Each structure stands twice: as C-alpha cells, then as structure tokens.
1. What's the Kirkwood radius of the stretch A:8-96 in Å, using all Cα pairs?
2. Using the count of nearby Cβ atoms within 10 Å as a rough guide to exposure, how do A:Glu279, A:Glu560, A:Glu454 rank from fewest to most?
3. So what's the angle, to the nearest 10 degrees on a 0 to 90 scale, between helix B:216-231 and the longest Cα principal axis of chain B?
4. What number do you get for the stretch A:351-451 when its Cα radius of gyration is normalised by 2.2 N^0.38 Å, N = residues?
5. Given an 8 Å cut-off on Cα distances and at least 6 residues of separation, report the relative contact order of chain B as a percent.
6. Using only Cα atoms, tell me the angle between helix B:363-375 and the longest principal axis of chain B; keep it within 0 to 90° and round to the nearest 10.
7. Using 14 Å as the cut-off for backbone N distance, which residues of the stretch B:339-374 belong to the label zone defined by a point 7 Å from the Cα of B:Val327 along Cα→Cβ?
8. Check which residues have an amide H placed less than 5 Å from B:Val239's amide H, if you skip close sequence neighbours.
2 protein chains.
Amino acid sequence: MSWLPLWLRTYQPTWLAGDLTAGLIVTVMLIPQSLAYAMLAGLPPEVGLYASILPIVAYALLGSSMTLAVGPVAVASLMTASALQPLAAAGSSDYVALAVQLSLISGVMLLVFGALRLGFLAYFLSHPVISGFITGSAVLIAVGQLKYILGVKVAGSDVLETLAGLVKALPQTQPATLVIGVSSLLFLLLARRYLAQCLIRVGCSAKAADLMTKLAPMVAVIASTALVAGFKLNETAGVSVVGHVPQGLPQLALSLPNMTTLGQLWLPALLITLIGFVESVSVAQSLALKRQQRIEPNRELLGLGAANVASALSGGYPVTGGFSRSVVNFAAGANTPLAGVISAALMALVIAALTGLFHYLPHAVLAATIIVAVTSLIDLKTLKEAWHYDRSDALSLLATALGVVTLGVEAGILTGVVLSLGVLVWRSSHPHMAVVGRVPGSEHFRNIKRHAVETVPGLLALRVDESLFFANATILEDYIEKLLTDDPSLRYVLLICSAVNQVDTTALGVLTQLERSLSARGMTFALAEVKGPVMDRLRTTELGQRLTGKVFLSVHEAFEHATRSGEPPVPDKEGLVLVGINGSK
Amino acid sequence: MSWLPLWLRTYQPTWLAGDLTAGLIVTVMLIPQSLAYAMLAGLPPEVGLYASILPIVAYALLGSSMTLAVGPVAVASLMTASALQPLAAAGSSDYVALAVQLSLISGVMLLVFGALRLGFLAYFLSHPVISGFITGSAVLIAVGQLKYILGVKVAGSDVLETLAGLVKALPQTQPATLVIGVSSLLFLLLARRYLAQCLIRVGCSAKAADLMTKLAPMVAVIASTALVAGFKLNETAGVSVVGHVPQGLPQLALSLPNMTTLGQLWLPALLITLIGFVESVSVAQSLALKRQQRIEPNRELLGLGAANVASALSGGYPVTGGFSRSVVNFAAGANTPLAGVISAALMALVIAALTGLFHYLPHAVLAATIIVAVTSLIDLKTLKEAWHYDRSDALSLLATALGVVTLGVEAGILTGVVLSLGVLVWRSSHPHMAVVGRVPGSEHFRNIKRHAVETVPGLLALRVDESLFFANATILEDYIEKLLTDDPSLRYVLLICSAVNQVDTTALGVLTQLERSLSARGMTFALAEVKGPVMDRLRTTELGQRLTGKVFLSVHEAFEHATRSGEPPVPDKEGLVLVGINGSK
C-alpha cells in the first residue's frame, strides 16, 4: 500500500469531522463557481462540473498540500477563453475539444516539469509581475461579465472595445436581467462586507459566521433560480438562463492533439501552466505555513499535472489550486485532501442526478458571482508597497496589468516576464563600484570618496559590488579605462572581488582582454578577495594562468604587494597618505 | 567650427598618407563586398553601392572610432533579406523601398537610443549568444550562396530545405558557372592561406603582403569579369551576371514608412539595430584599445544612427561597422575617419562613371566572395572556451546557432536573448548558502561544513552569497524552513547579507513574511552585514521597522546578541564548541 499517499496511510479518525465539514462547505461554493467559470471560459456548464470531480481526486493522491482546493479558477478560465477564441466558436464542440486538449497539454507539461524537478520555474515570475497580471486579469474578467448583468450581446477583443460596445448596447438592456444581476451583485457585496458581523450579533461564532458568508453565492443561485423558474422569466422577460445541462457522470476518453493543434496550443498551455502553478503554490504555501506544514514545489507539479490530465480524461478544462475555495477549505477545518475527495463525490452526485436544478439559473447571477470573486483579486497593496520600495518593480507591475487589459492575457504575461528579466539585468548592469584605500593603522579598506584613507601611488584599487556577467562586464572595463585615462600615473589595477559571486563567460573574456591590454601597456592587473567557487573556475582559464601570483586573499596583502612594487606612500598635508587616484581626494 | 568633429579640427598633415592609403585599399575591398552583400540582401547591386557613400561620411562626422569602416555587412544583409522576404518579392521596387525604410527605422532607433544614452543596451546580449548568432548566420549565408556557385535556382526557407533543394537541382548545374564559382572559391581560400607567405618570400614586407591578400577578391572580380565579357559567357553558357547597374549618384529622398510598414518592420529593425551595434562597437573597441583610444558607446549610437539615416536618404539599406574592412583600414594605417571619407569619394566616383564595368561580373564570384568572407565569422574558439569554463554558456551558444540555422535569424536571436537572460536568472536562482560558525578565538566566521568552528545553541547563522530577488527568495525561505524543521531546537535565525547587493520587492515580501512567521512561532529573525544601499531602502519598510535592533553591523555582534539571549556554548569532545546546528557537525 506504499503507493497510497502518506495522509491516507496515516489517517486518524479524529480528522474526519473537519474533512467532512470542509468538503461539504467547499462543494456548496464549488457548484456556482464551476458553472460560472465554465461560462467565463466560453464553455458549456457541464465542462465546469466535470473539471470539479476527477482532478480533485488526482491531486489528493499526488499533491503535497493538505488543504489546497483544486478545480476551475477565474484566471485560468480567462486564459482558456483567450487561447481558444481565435481557434473556434465559443461553446462549439470543437471549442470544447480544444479546451480538453489544452488541459491535457498543460497537465503533461506539469508532469514533465515535475519529473525534471523544475519547480523553481515558478520563481521566474517576480511578485510584482504576478500581481500586475492577476489585477489586470481581474479587471478584464469583470468588464467582460457586465454584458450578462445588462442582458446584452457585446463582442470586444479588448477592454476599451468591450466598454464601448456596452455603452452602445445600453438601450437594449433587458430590465428583468438587470434587476436580477444588480440585486445579486449588491447582495453578494453586502454579504461579503456585513453578513459576518450580523451573524455574530445574532449569536454565531466568528468562525461559523465567516464560513456562512462564503455560502452567499449559493443563496443567490437558489433564490434567483426559484424566481426565474416560478415566473418563467426566461420566456416572459428574456432572462438568459443556463438551460439544459446533460445529466450523468463524464465519460472517460483520451484524445491526443494533432501537430497543428499542438502548434496552436503549446504557448497558451505553457502560460496557463506557469501562472496556474505559481498561483497554486503560493496559496498552498501560505496555508501550509500557518500549520507548520511544508509544500514541495516538485510534488505540486506532479499533483497539478495529474489533476489536469484527469480533467482532460473526463472532459474537463484546465484546473489549478484556487485562492478563495482553498482558504474556505482551510478555515472550515480540512485536515487532509479527504475533504477534496468528499467534495468530488458530492459533485459527482450533483452531476449524476441534479443537473436539472440548474435549468433556470440565470447567467446574470453567475456573472455577479464572478465579478464579486475577481474584485478580491485586484491587488493595490503590492503596487503601493512596490511604489515606495522600488519604482522599477512598481512600473513593471503597472506595465503588466496594462498589457493584460489592452493587449490581452498572453501578451500581458509575456510583457511581464520580459520586464521581470529586463529589470533584473538593468539593475545588475549598473553595479556599485568604489575606489578604495586603507583606513590608517588598520587592515580595513573603504571608499576613498567617503573616508579619509591611505592609498598607494600608482595603485588603482577598485571594488565592484556585483557579480560580473555580460550586462556589466564591459561597463566595468570602460570604467577602469576611464580612470586610467584620467590619471596616467596609475600602473597597478587591483580588482576587489569580495561581492563577486559569479563571473560568466562574457565577463571572463572581458577580464582576459583587459589583463592582456594592461600587460601590453606595462601595467599590472591583480585580483583580491576572490571567492572560492569563482577562483575554482578561474584557475584553469587563460586569465587564471596569467594572473598566477597576482590573486591575493586580502586587499591588505595586495596593497603590500603593490607598495613593494612601487614607490612608498607620500603623506599629504593633513598627515594622511592620500594620493589622488582618479583625482578625487 | 566647433560642430566639426575633433579629429577634423585637430587634423595633422602627417596623418594624411596613412588615411589616403587606407581609403584606397578599403575602396578596393568595398566594391566587390558592397555588390555581394546587396545580392545577399536580395537587393539590386546599386543599393549596395549607395550604402557605401553617404553613411561613411555621416559616421565620420558623429562616430567615436578613428578606424571603424562603416557600410554593408554580411549579417545585417542576411537580416535584411530575412525581414523583407515575407513582405515583397526580392529585387522588386517594393522590396527596395522597404529596405530603405528598414534602414531609416533602424537609424532613428539608434539616434533615439543614443539621445537617451542607452548604449548599455548592447550589453544585454551575452558574448556566447552573439557568437552563436554570428556563427549560425555565417552557416545560413554560406549555404544560401551555394546556388550561385552551381548556377541553379533554389528556394528554401531554412538550411535543410535549401540543402535538399540544392541536391535536387544538382543535375541542372551550369558547367561554366560551376567552374567560375569553384575556381574563385579555391583562389580566394588559397590566397587567404598562402598568398601572404608567397609575397613575403618574393621580398614584400609582412604588412604589405598581408594587405595585398585582402585585395584577392578584387583580382577575382576583374579576372572573372574579363573572362565572361571576353567570351560572352553570359549569353553562350548561361552564366548569371550582375547586368545593368544604373550609373549616377544616388538621388536624395526621404519616404516615411506608414503604420502598416512600421508594424511589420519595427521588430526586425530593432534586431538589426542591436546586433549591428554590438558587432560594430566590439570591432571599434578592440581596434581602439590597440592604440590607447577610447570608444564611447553613446556616440557610436549617434554615429551609426546618422549612417543609417544617411543610407536611407540616399537609397541604401541598413549599414554598420564591419569586421574585415575595419581591420584592413586599421592595418593600412588609417589615422582618422578621413580614410573613410576618401573611400566614400572613390565609391562616388565609381558609381558616377564606372558602373558599366560590373555588367559582366558573374554572380558566382560574388557568392564565392561572400562564402569566403563569412567562413571567417564561424567562431568555434568561443564555443570551446565556453564549454570548458561554463557549460550553460556553451549550451546557449549552441542553441542560438541552431536556432538561427533552423528557425531563421529573428527566431534565433530571440532564442538567444531569452537564453542569455534565462541563464542569468537560473544561475542567480541557485545561490550558494552556508551555515557559519565562529573560528575559535577570532571574529571570523566560516562555513561549518568546511571548518572547525564554534556555534551558539539555538542559533542558525546563514550566509547567502547572492543578491536576493524573485528567482531565489523563495528558495532561501524554503531552505531556512527546512533547516528549522530538521533541528527543532533552533530559536534564532541570523541572515548574513555580506554578499547581498540588492533586495527586490519580491524578496522583500518573502523576508517580511518569513520574519512574521518566525515571530509568530516565538523565534528571532536578525540580519548582519547589510550593505549601506540595501539598508537605506529597507529602513522605511515594514520589515525594517520590525527588525529594529536586530540588524547587526558584524556577524560577531550578532553572535554576541544571540549568546546573551540564549544558553552559553557547550564544548564538545574535541574541546571545540560545536553544537549541532541542522545536525551537520
């Protein structure tokens, strides 16, 4: 039985109560959410339900989080719609088939990344970029749902076009739909803000009140369905409803994508994979920390990969760990993934017997559910913090959000990735460099611009506070050449590498060239405080050979060497030895 | 007259002889090269000639190199062809118009980058990636020229397709063309390898012999033209020749691209701009160093930008500083850009009066010139060095070269840029981390795995040898949490930041979260040896506030603090104080 997950092999009866409660509560959240997110993804409602059964079980067997709730989520649904809309008509059987294959490709990618232990890939997206992406997506999603609240038909490929279409379509607004949509929105917003307080006042415990708040969408669904069904508002007032949802468990089937489909879907699948993984791991991580549990990114890849393959096998679409349901699952006392398995069983029951109940469910209520859910994803706090701490991070956040809203999710996230990396290179490409001298009577060396220090005539001692690589090596070289041009008396260049953690091939080439050029001019090039791993690699290179005897453990030793090979220091008027290296005293 | 460049205002009569000789020799190289590279770019021969007049003068006025030879070059010609072939038929007037606008867009980009002082942009490409790109391009160019040597028509969008086409077309090979092509190839290759030695033997100076070798292409051009003209081989044996080249100086004209064209050309123009700039600056830099001169990247941007705008104004196509002609210019004794101006004047003379001479010039000879020129661009030395020094750099070189050959120049260079950045992030995402202890009787702290050091019970002192940012912050956090799980007696986490040059927003968030989580568990989180600039930014953040009194100047102070707040060190059997932090003794 060792193939069973640890939590199942060591299951304690005392955990059952929490898992049962959490499973039940999450199911009540999951029913409207899975229908709503399928609508957001442009898919028939049953696809959302299918994606809420087997994937949960697959994750329960392989994932590492005890409390993550896997299933359809808002951002992955938006990305699915964005990937598939150019390829097929939303809701068509081709469209559904592509969604299934998107899930399969993403699942296989996750499994491969997991097998190759590439969990660290998730960290290639900086926090500001993810925050900008999620915020931009939330705006895009919310604006896209407004048409359901108004009951009009609007097509638009970006936010501005959609907004213009909505304004133009305002006269066609269906009054009954608008009333249902706006009242649901108000109910959900007020419930989120005030329901818990009210419940506490009437004697609920804080925890129970908080959990009941999460059930508000279900209340809206039941009330509005009853209303529409009672008055046949779909026929009499044109209220758009979910309609017929096929009853019965999903059929298991595997359809492999052909090369054309693979060519069209690999990039969107990769982006869904990365974003879904990052979102999911960060939720799982933050919940695990609260209970001193650990998340293993590589096992998460396997868990989410299995969930997506299972989704594809059972006619579902891309799934990942969602924020809101996971938090509720945690708060409702889930101890193990058994809570998820219970949810899955309940969802299977719903789809096997109860889909008729959704016939009169108005789209406007689902749209209201989505809008309220995604507004909580809009993250201005990170923007504010980044703005104060690091302007370039704040700008990449804004650019990503703006990119998503104006160019769409794919271009937006690619903008973000490029910006993440660009900002990183930009930062490291302007290293802090300081010409240093000796603090009199010590073996300490400090910036000659900030401290009264001794220098050795003819010696340029330069400390560079960054690893050396392609984006900054030439800047260092240029700076040294500039210092040498400014002060022709310099004969000895000492590079202090205490902050150099790496030297890449480009930088090695630049340093080799610099050493050759200095030697040719009769000057000495030396290094000090080179770190062990850097020195290990340098040793076998041409530069390493040429520098034999000129790599010093400490700046002190290097100064001693430079002094022996030059004239003695000259005291200046203040009694300190301050010889103008690069003219700055 | 202060608008004149410095070299002109301070011109010394003694410089003239060198400039004249160099100008003449470069012209003799430039004539066949400009015709050949125009052919490579899919342009009529006169466009190559136009690109060899005004651009040189423009660079002479604004550039910073004394010896760089600007004009048509192989790689930019290939990139031009690759950018324009999807948009218009090679050689058509639309195609020429697009080439002119490509030059204009690239020129404006260079000028804007120069005005914004973005010269450092060139450093965003690592040396291995540039080497891989140039090598891949050289292979692509050489294979593409084989059809001219065989005298057959072959279309192919990548190397394999072209090679397959060549094999299929072998039976159509034109014997006369093949003889001319192969004998030119052999002549040029043999001349390059042996001519200088022969000339030295018959009494030439080494320098003169070396320069005369560079004139071999002109000899091949003259001999083959005479042969074809004498026997009218173009008519009798189907040898493809240059044909009519319009006589007369280029007309000055400015045609601005419309939005559609701009949309099609901006990315190729940007890539040509970046690659051309990098190539040019590295040539200029290496020549300048030999004479103790300096190159200013930002002035190079202006000089090359002006050259490209001038090229566009006079009906030319993208130009940059080329390797082979610059080296010859330097070796022939060019002292100032006057050498280039002399070249430009001679080229103007050629185009004004002598284009009739090119009528019988066979394409096969131009192809042979190109093939021989680009084989010297194939750079296996960098690959070999990178392979020994840094496997990941070697792999990105290979991937870029392979990308260029199989996917084309644009996809190839984009692959390269992404790999450059990816390798950088990958490296920094796996920082070296060491748990440290005190060297007995000192204030030095070393890795507990490598040295016999004292530790303080309950204290985890971790040094991280990398700046903290989005790609490694979570890895650090995971590592700390793992160490804490492994040794539950730990109560005090000290992070030593001596090698941390930067902390980005993502890492700040992770550290803040870590501090909160440790505090919540009753543990202490402290920092030591935080660099000034990093501390300046931390101070105003939530983390900075929470860490008040727990940021130590030295690890020694931090150890003192941790000792005061814990039990005294326990001596182990060897007499050293070695308390199992994370179980590793």
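Any read-out appearing in this document is the output of simple, stated calculations on the displayed coordinates, not a laboratory observation. On a predicted model such as this, the values are computed, not experimentally measured, just so you know. Because the Cβ atoms are built from the backbone with ideal geometry, glycine has one as well, and the counts that use them run over all protein chains shown.
1. 14.5
2. With the sparsest Cβ surroundings first, the list reads A:Glu560, A:Glu454, A:Glu279.
3. Value to nearest ten degrees: 30.
4. Compactness ratio reported: 2.03.
5. Relative contact order for chain B comes out at 22 percent.
6. 20
7. The answer is B:372-374, whose backbone nitrogens lie closer than 14 Å to the label point.
8. Here the answer is B:Asn234, since their amide H atoms fall under 5 Å of that of B:Val239.
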